[in-house]
Amino acid sequence: MATNTVSTRKSLQESRRRRILFENLTGFLFITPASLILLVFQIFPVGFAFFVSLHRWRRTPDEWQGLDQYATALGNFAYVAFFWLAVGVLCFGLFRLRTLIRHTAAHRVGMMVIIPAAALTAAVGALIAWFFTLLPVILDIPARLRGQAIDQEAFVREFYASFGYPEVAAAGGLLLTLVIIALLLTVLWLRLIRHRDSVQWLYMAWTSGLLLLAAGWTLALTSSEVNTVIDAAAQAGSPVPIWAQVLIIGAGTGLIGAALWLWQRTAYNQTSANRTYMVSILAVILLVVGGIFLIRELPQAFAEADPNVLRGFNVTVMYSAVSVPLQIGLGLGLAVLLFQKLKGKALFRVVFFLPYVTPFVATSVVFSLIFSHNVTSPVNQLLVTLGADTQNWLRESSGIFTLIFGDGTPAILSGPGLALIVIIIYNVWIFAGYCAVIFLAGLGGIENDLYEAARIDGANAWHQLRFITIPLLSPTTFFLILVSTIGTFQAFTQIYLMRRPGGFPAVDTVNLNIFNQIQRDSPNFGYGSALAFVLFGVILILTLIQNRVAGRRVFYG
Amino acid sequence: MADVLPSAPSAFARGDASQKVRQPIPVSKIATYATLIIGGLLALLPFVWMLSWSLMTNSEVIAGRFLPAEPQWQNYLTAWNTAQFSRLMWNSVRITAITVTGLLLFCIPAAYAFARIRFWGRNVIFALFLATLMIPDIVTLIPNLLSVVWISRLSESIFGESGAWLNNWPSLTIPFMASAFTIFLLRQFFAQIPEDLWDAARIDGATHFTFLRFVAVPLARAPIMTTLTFAFIGSWNSLVWPLLVVSNDDWRPIAFGLTKFVQTDAGDEFHLQMAASVIMIIPILIVYFITQKQFTEGIWTGSVKG
C-alpha cells in the first residue's frame with residue numbers, strides 16, 4: 001500500500017513536471033517567429049547602429065572612429081554627455097547591487113551569487129565582442145566576392161571562412177571558454193544553493209553586472225578618447241579643457257537638479273514658514289550658481305559642433321514648440337464642443353478626423369499648391385485681397401519676424417522660417433482631429449454627476465470646463481503632449497514632402513539631416529547613425545523631463 | 001436646426017422629461033454650431049481644392065481659379081495612365097496582403113503566448129518587446145538597410161535572382177511582419193478571455209493550439225480587424241523605407257509611386273498631381289468608412305488604455 005502511494009505521487013510529480021515543460025515549449029514555439037523578426041529588425045539594429053556610429057562607414061565598414069563622430073556633431077559636449085551617461089549607468093548598476101546585497105543578507109552564502117553572475121556577465125561581454133568582431137567580416141563578403149560570379153558555394157564558403165579569421169577565431173575561443181565556465185558555475189550555484197529566490201538573485205546580480213560592464217566600457221572609452229584629444233591639442237599648442245568642462249557642466253546640472261528637488265520638497269512638506277523661506281533661498285542660490293556654470297560652459301562645449309546639427313535642433317524645437325500646443329489646444333476645443341448633444345455629431349467627427357486618415361503623400365501635394373509661391377495661389381490671392389504683399393511660402397526660409405518687421409530684425413529673433421510655418425499649419429491641420437478623438441474618449445470617462453453637482457452649486461460653463469473637464473482630462477492631455485512631442489521630434493514624411501528649394505535650411509530638422517546623410521550619392525552611415533543616437537538621447541531626456549514635471553500635476557481621479 | 005432640444009449643455013438633459021418643451025435656441029448653441037461648421041470647412045477646404053483642381057486644366061490651376069469652367073474628367077484617366085496606377089495599386093495590394101498575412105500569422109500566437117501561457121522569462125521578454133516601441137525609426141533605419149542589403153546578397157546566392165530582397169517583396173514585407181504594438185493590442189484582448197473557457201476546453205482535451213485556433217481567434221475578430229486596418233494604412237502610406245530599398249517599378253508601392261510622379265513625371269502638371277492624389281486617397285477612405293468603429297477604437301486602445 002505504502003509503496004503504491006509513493007509511486008503515485010512520483011508519477012504525479014513526473015506528469016506535472018512534464019506538463020510545465022510542455023507549457024514552456026509551447027510558449028517559446030508561439031513567440032519564436034515574432035521574436036526572430038523583432039530581434040533582427042528592432043532590437044539588434046540598436047546595437048548595430050551604435051556599432052556603425054563608432055566607425056567611419058560610408059558604403060562599407062571602415063576604420064574605428066570611437067566617439068569622433070559624436071564630437072563632430074556636438075563638439076566637446078559629446079564627451080561630457082558620454083561621461084555622465086556612463087556615470088549614471090554605473091550608479092544604477094551599483095544601486096541594483098546594493099539592493100541585491102540587502103536581499104541576500106539573510107542567507108549565509110547568498111553573496112556567493114556574485115561569482116556565477118560575474119562569469120555570466122563576462123560571457124555576455126565575450127559574446128558581444130565576438131559578434132561585433134565577426135560582423136564586419138561577414139558584411140564584407142559581397143565586397144570580397146566582387147568580380148566573381150556570386151553563386152551559392154562561393155558565398156557559403158566565404159561565410160564559413162569568416163569564422164576562421166584570426167581575430168574572429170580568437171574572440172570565439174574566448175567566448176567558448178567563458179561560456180563553459182559560466183555554465184558550470186551557474187549549474188553549481190543552482191545545485192548548491194537551494195533557496196526559493198536563488199534564480200532571482202542570479203538574475204539581479206547578472207543584470208547589475210551587465211550594467212557595470214557597460215558603464216565601465218563607456219567610461220574607459222570616453223576617458224581614453226578625451227585624453228587623446230587633449231594630448232593632440234596640447235601638441236598643437238592650443239590646449240582644450242575637456243575635463244574641466246565635464247566637471248563644470250556636471251556640477252551645473254547637478255546644482256540645478258538639487259535646487260528643483262529642494263523646491264519640490266518644500267512644496268510638498270508642510271514645515272514652518274521660516275524654514276521654507278530658508279530652503280527657498282538656498283534653492284534659488286543653487287539654481288543661480290548652477291545656471292551660471294551652464295551658461296559659461298555650454299557655449300564653449302558646443303563651440304566645435306556641426307552648425308547643421310545645431311540648426312537642425314533649433315528647427316526641430318521650434319517646430320515642436322509651436323505645433324504641439326496648437327494641435328492639442330485645438331483638439332481640446334473641438335472635443336469639448338463635439339461632446340455636447342448636437343445634430344450631425346458623427347459627421348463632424350468624421351470630417352475632423354479625415355486629415356489624419358488621408359495619406360501625407362496626397363495631402364502634402366494640395367498644401368504645397370495652396371501655399372505655392374505663385375501669385376495666384378489661394379493664400380497669395382487672400383494676401384492681395386487684404387492688401388498685403390505676396391509671399392514665397394514654402395520657398396521662403398527667412399524667419400517670420402524678419403518678414404514682418406523688416407530686415408533689421410536681429411537674427412536671433414527672426415523666428416521660424418515661413419516655410420516651417422506652413423509645415424506647422426499642415427501638421428496642425430492633420431493632428432488636431434486626432435487629438436480631438438483621443439480627448440473625446442477621455443471626456444467619455446468623466447462622470448456626469450460631477451457636472452450636475454457643480455451646476456447645482458452654480459457653476460457656469462466656463463467653471464465646469466476649468467475646474468472639472470480640464471483637471472479630469474489631465475491624463476489624456478499628458479499622454480497627448482508626450483506623444484505629440486515625440487512625434488514632432490521624429491516627424492519626417494510631412495517635412496520631406498513639403499521641402500522646396502529656397503526653404504531648405506529653415507525646414508531641415510535633425511531627422512531630415514540624418515536622412516540627407518543616408519540618401520545622398522556618397523552616404524555617410526557612420527555619421528548618420530551618430531546623429532540618430534543624439535536625437536534618440538534628446539527624445540529620451542524630453543520624455544523623462546515631461547514625466548517628472550507633468551507626471552506630478554496629472555490627476556488620476 | 002429649429003427643433004434642437006433644450007438649452008442644457010447636452011449630457012444633463014438626458015431623461016429629463018420636464019425639459020422637453022420647445023425653447024428658443026440659445027446663443028451658446030448657435031455659437032457652438034458656427035465654430036464647428038467653420039472648423040469643419042477649414043478641415044475640408046484642402047479636399048475641396050484637391051477635387052476642384054483635379055477637374056481643371058493646368059492653366060486654370062495656375063490662374064488660381066476656384067472652380068473649373070468645365071470639369072475635365074479625362075484628367076483622372078491621364079493621371080491613371082501616366083502614373084501607372086494599375087501597377088502601383090497592384091504592387092501596394094500585394095505588399096499589404098503579404099505583410100498582413102505574416103503579421104497575423106506571427107503576432108497572434110505571440111500575443112496569445114504572452115497573455116495565457118506561462119513560460120520562463122515571459123515578462124522580461126514582453127518588457128523588452130514593449131521597449132522597442134520607444135526606439136525612433138530613424139535609429140533602426142540605417143542598420144536595417146545594411147542588414148537587408150546583406151541578406152539580399154545571401155538570399156540571392158542561395159535562391160538565385162528571384163531570391164533577392166532588394167527591389168523585391170521580402171525587403172518590403174518581412175521586416176514589418178512583427179510589431180510590438182500589434183502584439184500588445186492582441187495580448188490585451190487575449191488576457192481578457194475568461195479562464196473558465198480555457199478550463200472547459202482543456203477538459204475536452206484542447207491544447208493551446210486548438211484553443212487558439214477555435215476559441216481565441218474567432219473571439220478576437222474585432223481587435224484583429226483593427227490590426228488589419230492599421231497594417232493596411234501603414235503599408236499603403238509607407239514611403240521612407242521603400243525609398244531606400246526599391247529602385248525600379250516592379251515592386252514600387254503607391255505612396256512612393258505618387259511621390260515620384262509628383263516630383264518628376266508631372267512636376268509642372270498640377271491638375272494631374274491633384275487627380276493622382278485623389279486616386280490614391282480613395283481606397284484609404286473606403287477602408288476608413290468600412291472599419292470606422294474599429295479604427296477609432298484601435299486608436300483609443302493604443303493610447304488611453306496603453
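The values are calculated or read from the model by the stated rules, or taken from the named source; none is laboratory data. Note that the structure is predicted; figures quoted are calculated from it, not measured. Backbone-built Cβ (ideal geometry, glycine too); neighbour counts: all protein chains shown.
Check region A:482-500 and report whether any residue there is surrounded by 14 or more Cβ atoms within 10 Å (Cβ to Cβ), hydrophobic (A, V, I, L, M, F, W, C), in the same structural domain as residue A:371 (by TED's automatic domain parsing) and farther than 30 Å from residue A:398 by Cβ. Within region A:482-500, one or more residues are surrounded by 14 or more Cβ atoms within 10 Å (Cβ to Cβ), hydrophobic (A, V, I, L, M, F, W, C), in the same structural domain as residue A:371 (by TED's automatic domain parsing) and farther than 30 Å from residue A:398 by Cβ. If the condition is being away from chain A (no Cβ under 14 Å) and under 13 Å from residue B:275 (Cα atoms), then region B:58-74 contributes B:71, B:72, B:73, B:74. Taken over region B:207-241, the residue count meeting the criterion of being more than 12 Å from chain A (Cβ to nearest Cβ) and among the small types (Gly, Ala, Ser) is 3.
Within region A:512-539, if we keep just the residues that are among the hydroxyl-bearing types (Ser, Thr, Tyr) and in contact with a helix residue (DSSP H, G or I) (Cβ under 7 Å, 6 or more places away or on another chain), the residue that is nearest to residue A:47 (Cα to Cα) turns out to be A:529. Selection of first residues in region A:364-381 that are at positive phi and of second residues that are at pLDDT 85 or above, restricted to Cβ pairs under 7 Å at least 6 apart or on distinct chains, gives an empty result.
Close Cβ contacts (under 9 Å, 6 or more residues apart or on different chains) running from residues in region A:250-261 that are of a type in the set (Phe, Trp, Tyr) to residues that are modelled with pLDDT under 90 comprise A:261/A:283. Residue A:144: of a type in the set (Lys, Arg) and within 14 Å of another protein chain (Cβ to nearest Cβ), yes or no? Yes.
Condition check ((1) part of a helix (DSSP H, G or I); (2) within 30 Å of residue A:258 (Cα to Cα); (3) more than 8 Å from every other protein chain (Cβ to nearest Cβ); (4) among the hydroxyl-bearing types (Ser, Thr, Tyr)) across all residues:
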| position | (1), (2), (3), (4) |
| --- | --- |
| A:335 | yes, no, yes, no |
| A:349 | yes, no, yes, no |
| A:354 | yes, no, no, no |
| A:376 | no, no, no, yes |
| A:379 | yes, no, yes, no |
| A:382 | yes, no, yes, no |
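In this structure, residue B:46 qualifies as modelled with pLDDT of 80 or more and surrounded by 14 or more Cβ atoms within 10 Å (Cβ to Cβ).
Counting the residues of region A:21-66 that are within 11 Å of another protein chain (Cβ to nearest Cβ) and at pLDDT below 90 gives 4. For region A:407-429, a residue qualifies if it is more than 10 Å from every other protein chain (Cβ to nearest Cβ) and either closer than 15 Å to residue A:494 by Cβ or at pLDDT 85 or above (or both), and the qualifying residues are A:416, A:417, A:418, A:419, A:420, A:421, A:422, A:423, A:424, A:425, A:427, A:428. Scanning region A:278-324 for residues that are of a type in the set (A, V, I, L, M, F, W, C), more than 16 Å from residue A:251 (Cα to Cα) and under 27 Å from the mean Cα position of the chain (by Cα) gives A:302, A:303, A:305, A:309, A:310, A:313, A:315, A:317, A:318, A:321, A:322, A:324. Exactly one residue out of A:509, A:476 is modelled with pLDDT of 90 or more and touching a helix residue (DSSP H, G or I) at 6+ places or on another chain (Cβ under 6 Å): that is A:509. Return yes when residue A:167 is over 19 Å from residue A:101 (Cα atoms) and either among the hydroxyl-bearing types (Ser, Thr, Tyr) or touching a residue at least 40 places away in the same chain (Cβ under 8 Å) (or both) and no when it is not. Considered against the rule, which asks whether it is over 19 Å from residue A:101 (Cα atoms) and either among the hydroxyl-bearing types (Ser, Thr, Tyr) or touching a residue at least 40 places away in the same chain (Cβ under 8 Å) (or both), residue A:167 comes out as no.
For residue A:503, the requirement of being crowded, with 19+ Cβ neighbours inside 10 Å, over 24 Å from the mean Cα position of the chain (by Cα) and either in the same structural domain as residue A:428 (by TED's automatic domain parsing) or in contact (Cβ under 8 Å) with a residue 12 or more places away in the chain (or both) is met.
For region A:86-94, indicate whether the set of residues that are more than 14 Å from every other protein chain (Cβ to nearest Cβ), within 28 Å of the chain's Cα centre (by Cα), aliphatic (A, V, I, L, M) and surrounded by fewer than 17 Cβ atoms within 10 Å (Cβ to Cβ) is non-empty. Scanning region A:86-94, I find at least one residue that is more than 14 Å from every other protein chain (Cβ to nearest Cβ), within 28 Å of the chain's Cα centre (by Cα), aliphatic (A, V, I, L, M) and surrounded by fewer than 17 Cβ atoms within 10 Å (Cβ to Cβ), so the answer is yes.
Select from region B:169-191 the residues that are β-branched (Val, Ile, Thr) and surrounded by 23 or more Cβ atoms within 10 Å (Cβ to Cβ) and write down the one among them that is farthest from the other protein chains (Cβ to nearest Cβ). Per the criteria, the residue is B:182.
Confirm whether residue A:48 is among the aromatic types (Phe, Trp, Tyr), part of a helix (DSSP H, G or I), closer than 19 Å to residue A:137 by Cβ and not assigned by TED's automatic domain parsing to the domain that holds residue A:222. It is true that residue A:48 is among the aromatic types (Phe, Trp, Tyr), part of a helix (DSSP H, G or I), closer than 19 Å to residue A:137 by Cβ and not assigned by TED's automatic domain parsing to the domain that holds residue A:222. Residues in region B:105-134 that are more than 8 Å from every other protein chain (Cβ to nearest Cβ) and surrounded by 24 or more Cβ atoms within 10 Å (Cβ to Cβ): 2 in all. Considering only region A:472-494, state which residues are under 27 Å from residue A:514 (Cβ atoms) and over 20 Å from the mean Cα position of the chain (by Cα). Correct list: A:494 only. The listed residues are A:188, A:210, and the only one of them that is outside any loop (DSSP other than H, G, I, E, B), touching a residue at least 12 places away in the same chain (Cβ under 8 Å), surrounded by fewer than 15 Cβ atoms within 10 Å (Cβ to Cβ) and at negative phi turns out to be A:188.
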